[in-house]
Structure formats: structure tokens, C-alpha cells
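The values are calculated or read from the model by the stated rules, or taken from the named source; none is laboratory data. None of the values given here were measured: they were computed from a predicted structure. Every residue, glycine among them, receives a Cβ derived from its backbone with ideal geometry; neighbour counts consider all protein chains shown.
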Amino acid sequence: MPRKHFRKYLPSHESITGNRFIACFGPWLRHHNLWHLHRRSVAGGVAVGLFAGLIPGPLQILTGVLLSILFRVNLPVAAITTVYTNPLTIVPLYILAYQYGSLVTGGNGGAAAISTFSTEGLSWSQWLPALIDWMASLGKPLAIGLPLLALTLAAIGYLLVDTAWKLYVRLAWQKRCQRKPS
């Protein structure tokens, strides 16, 4: 089973509680679901990692760790899953989030929805409010689309891992039953 393969890379309870850097966090990191590989914990870790991966900036892994502690799902899986966002994937994901937000808010989600900012014909007193309005028009679809895309990816990730785990276990049981002599 793949779980046995990955188990050798996960820390034991003794190494977690004995670590001087982790020991100060006390019981928060001692919950068994944070470190054990079972269906619900791993599927939850994937969901948390997919959700936290869309958080802007360098806070993705930290958010994944904090959410895994809060929801008591596999912490290493959550932290590792956040790296699906990288310099190559972040722009397409944010474009998708913008289009998703535009779809939800009633915009057309295409490139035509992004208006260009122009100061032509504006006085100095009108320039700043026009800039704020333009930025708000871009921000609303993205601000709505990012959490929606994060929730959608988290739900899909949870369901895929949960279903794949159940299917793997079912097939393993069928193989085991076929090997038994009658």
C-alpha cells in the first residue's frame, strides 16, 4: 500500500513531542490526525492545501499548516499540496479566478471586461477617484473568484482523493480475496 511507503518519511509522535521547536506549541501539534495517513486525514490535507495554495503572497504553507491544525487533517500533506501554485501556474489560476468571479458577479469574464484606465479629460481632483473606481472594477471579480475557486478546488481535491482511496482499498481487498485458496 502506498501509505506504507510514505509512512517512513513522516515523523513519529516521539520525534514531534521531543522536538524543542515544536514542543512549545504543546497539544496543538499532538493530535494524531495531523501526522497519520488515513483516508479522511489525507483527503482533508489535500483540500486544505488546495485552498491555502491560492492565498496571495508567501503565506500559503503557513496558512495550510494553520488550517490543518484547525481542521485536524494531515499537516505534511496540506503543506506539500500548497506548492501547486508556483510562478508558472499562478497567473493562469488568477485569470481563472477572475473569470470565475466575473461569471458569478454577472460580468462576461472575457478580456473585454477589463477596461483601460485613462486620465484623458480628467482634472487632478477627478483623477484619484477615477483610479479607485477602475481598481475596484478589477478587484471585485478577483476578490470573489479567488475564494470561490479555492473552495471549488478544495472540494474537488477532497472528493478525488477520497474516491481514489476507497477504490484502491476495494481493489486491494478483491486481490486479497482472489489469492486465498478455497
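Remarks
- Screening the range 1-74 for helices (runs of 4 or more DSSP H) wholly inside it with 1 or more residues that are among the polar types (S, T, N, Q), modelled with pLDDT under 75 and over 22 Å from residue 85 (Cβ atoms) returns the ranges 13-18.
- Residue match in the range 93-107 (condition: part of a helix (DSSP H, G or I), of a type in the set (Val, Ile, Thr) and modelled with pLDDT of 90 or more): yes
- The range 149-182, subset among the small types (Gly, Ala, Ser) and either surrounded by 12 or more Cβ atoms within 10 Å (Cβ to Cβ) or not in a loop (DSSP other than H, G, I, E, B) (or both), residue modelled with the lowest pLDDT: 172
- In the range 77-92, the residue that is nearest to residue 42 (Cα to Cα) out of those that are surrounded by 14 or more Cβ atoms within 10 Å (Cβ to Cβ) and at pLDDT 90 or above is 77.
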